[in-house]
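Scroll down for the structure; my scribbles are underneath it.
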Amino acid sequence: QVQVVESGGGSVQAGGSLRLSCAASGSIFTSKAMAWYRQAPGKQRELVAAISSGGRTNYADSVKGRFTISRDNGQNTVYLQMNSLKPEDTADYYCNQGVMTTSGIYYPANWGQGTQVTVSS
């Protein structure tokens, strides 16, 4: 059974930084793509960043240049480094283990429970 567990959320002032972590178990981590999604109150869940098994990355336009997704295959962990945070980044952030096609499209599969990020102005 695949388990995906996030950590690292919290509250920060605008302009600050946070790093989210996601540990995955129950599957062959190195063969899986991973991603971070977020959902703000009253809004749909959206893809923030994804990374393929080979390290290819995709980002939402709203976070390009500020967020960085990375993975440590030895630790079965994926990270989301968030810099220059804005109030509009406030949301619940969800880790996902899924599939990325050769054209870079990410298909979600196994979800974590989410971690809250609050950015105050």
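The values are calculated or read from the model by the stated rules, or taken from the named source; none is laboratory data. Fair warning: this is a prediction, and the values are worked out from it, not measured in the lab. Quick reminder, even Gly has a Cβ in these numbers, built from the backbone with ideal geometry, and neighbours come from all protein chains shown. These area figures cover heavy atoms from the full protein model, side chains too; ligands, DNA and RNA do not enter into them. Shrake-Rupley method; radii C 1.70, N 1.55, O 1.52, S 1.80 Å.
Go over the candidates 85, 47 one by one and state the one that is part of a loop (DSSP other than H, G, I, E, B), surrounded by 12 or more Cβ atoms within 10 Å (Cβ to Cβ) and within 15 Å of the chain's Cα centre (by Cα).
None of the other options fit; the residue is 85.
Suppose we keep only residues that are modelled with pLDDT of 95 or more and farther than 20 Å from residue 85 by Cα within the range 6-41. Which one would you say is surrounded by the most Cβ atoms within 10 Å (Cβ to Cβ)?
Among those residues, the one meeting the criterion is 34.
So which residues in the range 92-121 are touching a Cys at 6+ places or on another chain (Cβ under 7 Å) and either closer than 19 Å to residue 58 by Cα or surrounded by fewer than 16 Cβ atoms within 10 Å (Cβ to Cβ) (or both)?
95
Hey, among 64, 86, 43, which residue is in contact (Cβ under 8 Å) with a residue 60 or more places away in the chain and more than 26 Å from residue 2 (Cβ to Cβ)?
It is 86.
Among the residues of the range 50-71, which ones are out of contact with any helix residue (DSSP H, G or I) (no Cβ under 9 Å at 6 or more places or on another chain) and open to solvent by less than 60 Å² (accessible area, probe 1.4 Å)?
50, 51, 52, 55, 57, 58, 60, 69, 70
If you go through the range 29-52 one residue at a time, do you hit one that is touching a Leu at 6+ places or on another chain (Cβ under 8 Å) and polar (S, T, N, Q)?
Among the residues of the range 29-52, not one is touching a Leu at 6+ places or on another chain (Cβ under 8 Å) and polar (S, T, N, Q), which makes the answer no.
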